[in-house]
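Here's the structure, in C-alpha cells; my notes come after.
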Amino acid sequence: RINENGLIVFECRENGFANLCVINLDGTGFRQLTEGNHRDEYPGLIFPEINDQGQIVFACNFNGRDYAQDLCVVNADGSGLREILQMRSKPVTQNSFSRPHINNQGLLLYECTDPIREEKYTTVCTSNFDGSGQQVFEFSDEFQFISELAFIRDETIVYRCPYGYCLSSLDGQPL
C-alpha cells in the first residue's frame, strides 16, 4: 500500500517470520518496523495498510499462535507499536480473513466475530486508531460472513454481502 506522501508499507520476511516494513517510493528510507512476532505458512497475511498521516494497521500475532488474527497499529516512524484488538475469530487461512483498513481520519475497518452469533459469523467493525470506540455493525440474520471490506472516500464502507456488494455509512446505516 502507498500513501499520498509516497510511503509504501509491505510485509517483509526474515527466516520465515513476517515483519512490517516501509520504504519510500523512490527506494530510499527502508525500515523494518517489527521483529518477527509470528511464523506462518501463508505469506501475505499481515495485510498492512497505511493512511496519508503515516498511521499503519495490520494483522498481527503477539500471543504465540501460528497465524495473525489480532489487530496492531504503528506509526510509519516505528513509534507506537501496539496490539489494539484481540480478535476471537476462527484461525486464519488464506481465504478466511479480510485485510484491515484505515482511513485518513484514523478510523479502522475490519472483519470481526459477531458478538451475538460468535464463532460462526463475522461482521463489520470499526474503531479508532487507539482501539477505542469500537462499533460492531449488526446486519440481517441471513449474513453469515462479511468480506472484502474497503473505504470509499473515507466516509462510506463497501463490503461483500450475499447480494453482491453492499454500502454502509460510517454509523452502520445501509445506503
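Where a number appears in this text, it was derived from the coordinates with a stated rule and is not lab data. Just so it is clear, the structure is predicted and the values come from calculations on it, not from any experiment. Please note: Cβ atoms are built from the backbone with ideal geometry, for glycine as well, and neighbour counts cover all protein chains shown.
Give, as a single signed number, the net charge of other residues whose beta carbon lies under 11 Å from the beta carbon of Gly54, with Lys and Arg counted +1 and Asp and Glu -1.
Local charge sum for Gly54: -3.
Residues with beta-carbon under 10 Å from that of Leu109, excluding Leu109: net charge, scoring Lys, Arg +1 and Asp, Glu -1?
Local charge sum for Leu109: -1.
Suppose the chain between Glu35 and Ser169 were pulled fully straight at 0.36 nm per residue; how much longer would it get relative to their current alpha carbon spacing? Write out the running numbers ahead of the final one.
Working: separation 134, 0.36 × 134 = 48.24 nm, distance 3.64 nm.
Separation in residues times 0.36 nm, less the Cα-Cα distance, equals 44.6 nm.
Using per-residue counts of other Cβ atoms within 10 Å, averaged over each peptide, order 156-162, 125-131, 24-30, 1-7 from highest down.
Ranked by mean Cβ neighbours within 10 Å, highest first: 125-131, 156-162, 1-7, 24-30.
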